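The numbers here are math on the coordinates, done by the rules we state, and not lab data. This is a predicted model, so every value here is computed, not measured. Methodologically, a virtual Cβ is constructed for each residue, glycine included, from the backbone with ideal geometry; neighbour enumeration extends over all protein chains shown.
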Amino acid sequence: MSEIIIEPAKNNNNLGALIKLLDDEKLTQTVGLLLPLQEEKRAQAIKMFICHNHVMVVKINEDIVGMIVLSAWYGDEGKRIAHHYEVGYLLQQDQWNKGIMTAALQKFISILPSKITIHAECKQSNYRSQRVLIKCGFIYDKDDLWQCIIN
């Protein structure tokens with residue numbers, strides 16, 4: 001397998017490739033990322049998303065094939081919960097079943113600070129994503145929620 005690199009999406013060289021990755025409407029809908037259809041508005045929405053979240057791109061041979069997003073976690077009452085975050089990720093379909101996202105997410109988790117809890121939402125029918133979460137130390141919580149405690 002080629003070397004998997006993760007790096008911040010805020011690098012301006014990544015924006016065009018990230019926009020291209022997110023042009024796959026089926027992929028973005030699968031993960032629940034709703035973006036405008038108009039190209040200019042879509043690019044602006046992606047820029048804003050990057051500014052408001054911790055977004056890492058996943059690269060293989062300098063090509064962006066996926067992304068990982070870490071954002072604030074809010075409780076049932078809509079209040080921000082300290083030291084709790086939500087992770088989300090997506091990967092080009094032609095790269096599925098190669099262990100890429102598992103390796104990328106493991107690298108990502110290894111650079112996070114200690115004493116935090118990471119939550120992930122994963123549909124019960126999404127077995128591929130569930131395998132990624134399990135291999136990365138997440139445990140099933142309830143409904144579609146998983147969590148990982150970083151000690």
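Working note: Karplus 6.51/-1.76/1.60 with θ = phi - 60° gives the stretch 110-116 the couplings 5, 9, 6, x, 7, 6, 10 Hz, where Gly and Pro are set to x.
Using a simple spin-label model with pseudo-atoms 7 Å out from Cα toward Cβ, Glu7 and Lys115 lie 3.3 nm apart.
Annotation: the residues Ser2, Ser114, sorted from fewest to most other C-beta atoms within 10 Å of their own C-beta, follow the order Ser114, Ser2. For the stretch 77-83, putting each phi into the Karplus relation 6.51 cos²θ - 1.76 cosθ + 1.60 with θ = phi - 60° gives couplings of 8, x, 9, 5, 9, 4, 6 Hz, in residue order, rounded to whole numbers and with x for Gly and Pro. Counting only Cβ charges, +1 for Lys and Arg and -1 for Asp and Glu, the dipole size of the chain around its Cα centre is about 280 debye. Could you state the number of Å between the C-alpha centres of the stretch 117-151 and the stretch 60-88? Between the Cα centres of the stretch 60-88 and the stretch 117-151 lies a distance of 13 Å. Here the Karplus curve 6.51 cos²θ - 1.76 cosθ + 1.60, taken at θ = phi - 60°, turns the phi angles of the stretch 48-59 into couplings of 5, 4, 5, 5, 9, 9, 8, 10, 10, 8, 10, 10 Hz, with x standing for Gly and Pro. Could you give the C-alpha radius of gyration of the stretch 64-119 expressed as a fraction of 2.2 N^0.38 Å, taking N as the number of residues it contains? It is 1.31.
Direction-averaged projected area, Cα convex hull, the chain: 9.2 nm², rounded to one decimal. Number of Lys-Lys pairs in the chain with C-alpha atoms under 16 Å apart and a separation of 8 or more places or on different chains: 13. Among Tyr140, Tyr85, the order by Cβ neighbours within 10 angstrom, fewest to most, reads Tyr140, Tyr85. Positive end of the charge dipole of the stretch 63-151 (Lys, Arg +1 and Asp, Glu -1 on Cβ, about the Cα centre): tell me which of Ser71, Gln124, Trp96 has its Cα farthest that way. About the Cα centre, the residue reaching furthest to the positive side is Trp96.
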